[in-house]
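Peer 1: Structure incoming, see below.
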Amino acid sequence: MADATTRSLPSAAATQWLMSMPPAARFVLHGDAAARAAAAPVWGTAFAEQACRAEIGNGRAALWLGPDEYLLLSADIESEAALAASLEQALGDLPHALVNISHRQFALEIRGPHAATILSGACPLDLDLAEFPIGMCTRTALAKADIVLWRTAAEVFHLEVWRSFSGYVTGLLNEIALEFHRV
Amino acid sequence: MLIIDCPYCGKRPEIEFSYGGQAHLARPQQPAQLDDQAWAEFLYMRTNIKGVYAERWRHARGCGRFFNALRDTTTDHFLAFYKTGEPRPTLPAQHERTT
């Protein structure tokens, strides 16, 4: 049985191709074009109008999840509360929903020449560079887990995984990767 | 596996979607004023046609949105996809079998 320490900190054993990312501030913003226009200057990135695209800048990212739904990521976990407050202030009375999900999920990064092939072992999307270009992001399925998949470079994928699925997802990826790596 | 063309995200595998039943059903404005027969008709009775069927799908493991699709229930081929609120598109005559 896992003790309290290992249960509270999802992580993957660091390897050359799979690593867990440091804690990050995360928000989900639901809002129409007016709400996004108000939030963009505070957040510091644009909000992609094109489906399934991420915008990045200044250590922050805004990922399109749905027609009025965006996942906001900031590497600066320390300013989590201040960020939420400044976004709420900018959004004011505009119809919106801003939810802090910093601790609901954690991030994995898969990199290397086999990254797309390993993901294809459990993800049904076509991950060819032409079909899933750099900057594309989407919520999708990794076997039985729901993930957010984001291609940050040709051979680098960023995964947002719900923390209770950490053991399942990392275990599954390691098993798939046995074909390519000595894990 | 079916390939379903989400009007928001594009073509995705079937396992990202959940089925939502017959489309274009309007919930009665005042359910309390209906008798049991009329309420049961709304709740349970569906056309279940052999042919082109307008049905709802939800991109549950994607953008999360409901949309409508036209599917031929005899061939399982999708014929059209459109957003919720848009009228049912008309198809070329060879598809308009409804019996």
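The values are calculated or read from the model by the stated rules, or taken from the named source; none is laboratory data. Every value quoted in this text rests on a predicted model; they were computed, and no experiment measured them. Neighbour counts run over all protein chains shown; Cβ positions are idealised from the backbone, glycine included.
Peer 1: Could you check how many residues of region A:45-67 are surrounded by fewer than 17 Cβ atoms within 10 Å (Cβ to Cβ) and either in contact with a Leu (Cβ under 6 Å, 6 or more places away or on another chain) or not in a strand (DSSP E or B) (or both)? It would help to see each step written out before you state the result.
Peer 2: Of all residues in region A:45-67, those surrounded by fewer than 17 Cβ atoms within 10 Å (Cβ to Cβ) come to A:46, A:49-50, A:56-59, A:67.
The next check asks that each one be either in contact with a Leu (Cβ under 6 Å, 6 or more places away or on another chain) or not in a strand (DSSP E or B) (or both); those that pass are A:46, A:49-50, A:58-59, A:67.
Residues meeting the conditions: 6.
Peer 1: Are any residues in region A:138-151 in contact with a strand residue (DSSP E or B) (Cβ under 7 Å, 6 or more places away or on another chain) and either under 14 Å from A:ALA116 (Cα atoms) or surrounded by fewer than 20 Cβ atoms within 10 Å (Cβ to Cβ) (or both), and if so, which ones?
Peer 2: A:ALA145, A:ASP146, A:LEU149, A:TRP150, A:ARG151
Peer 1: Then there is this: Mind checking which pairs have a first residue in region B:1-25 that is at the interface with chain A (Cβ under 9 Å from one of its Cβ atoms) and at negative phi and a second that is of a type in the set (S, T, N, Q) and surrounded by 14 or more Cβ atoms within 10 Å (Cβ to Cβ), Cβ under 7 Å, 6 or more apart or different chains?
Peer 2: Once the first residue is at the interface with chain A (Cβ under 9 Å from one of its Cβ atoms) and at negative phi and sits in region B:1-25, its partners that are of a type in the set (S, T, N, Q) and surrounded by 14 or more Cβ atoms within 10 Å (Cβ to Cβ) give B:CYS9/A:THR138; B:GLU16/A:THR140.
Peer 1: I've got another one for you. B:ALA54 is checked against (1) away from chain A (no Cβ under 14 Å); (2) touching a Cys at 6+ places or on another chain (Cβ under 9 Å) and fails just one. What number does that condition carry?
Peer 2: It is condition (2) that B:ALA54 fails.
Peer 1: Right, something else. Check A:ALA153, A:ALA90, A:ALA145 and return the single one that is in the same structural domain as A:GLN50 (by TED's automatic domain parsing), among the aliphatic types (A, V, I, L, M) and farther than 19 Å from B:GLY10 by Cα.
Peer 2: After ruling out the rest, the residue left standing is A:ALA90.
Peer 1: Okay, next question. Can you name the residue in region B:1-55 that is among the basic types (Lys, Arg) and touching a Leu at 6+ places or on another chain (Cβ under 9 Å) and is also nearest to B:PHE81 (Cα to Cα) among such residues? Even if it seems obvious, please write down each step before you answer.
Peer 2: Initially, region B:1-55 is screened for residues among the basic types (Lys, Arg), giving B:11-12, B:27, B:46, B:50.
Narrowing the set further to residues that are touching a Leu at 6+ places or on another chain (Cβ under 9 Å) leaves B:12, B:46.
Working: B:ARG12: 13, B:ARG46: 20 Å.
Only one residue fits best here, namely B:ARG12.
Peer 1: For region A:38-66, name all the residues that are closer than 16 Å to A:VAL99 by Cβ and within 14 Å of chain B (Cβ to nearest Cβ).
Peer 2: Listed by number, the residues that qualify are A:LEU63, A:LEU65, A:GLY66.
Peer 1: Which one of B:ARG12, B:ARG58, B:ARG46 is in contact with a Phe, Trp or Tyr (Cβ under 7 Å, 6 or more places away or on another chain) and either basic (Lys, Arg) or within 30 Å of A:GLU160 (Cα to Cα) (or both)?
Peer 2: B:ARG58
Peer 1: Can you report the number of residues in region A:67-98 which are within 14 Å of another protein chain (Cβ to nearest Cβ) and touching a residue at least 60 places away in the same chain (Cβ under 8 Å)?
Peer 2: The qualifying residues number 2.
Peer 1: Do you know which residues across region B:43-59 are of a type in the set (A, V, I, L, M, F, W, C) and either surrounded by 14 or more Cβ atoms within 10 Å (Cβ to Cβ) or more than 30 Å from B:GLU14 (Cα to Cα) (or both)?
Peer 2: Hits for region B:43-59 are B:ILE49, B:VAL52, B:ALA54, B:TRP57.
Peer 1: Can you give me the number of residues within region A:11-65 that are over 29 Å from A:ASN174 (Cα atoms) and of a type in the set (Ser, Thr, Tyr)?
Peer 2: Total satisfying the criteria: 1.
Peer 1: Quick check on A:GLU131: is it within 14 Å of chain B (Cβ to nearest Cβ), buried (at least 17 other Cβ atoms within 10 Å of the Cβ) and among the acidic types (Asp, Glu)?
Peer 2: It is false that A:GLU131 is within 14 Å of chain B (Cβ to nearest Cβ), buried (at least 17 other Cβ atoms within 10 Å of the Cβ) and among the acidic types (Asp, Glu).
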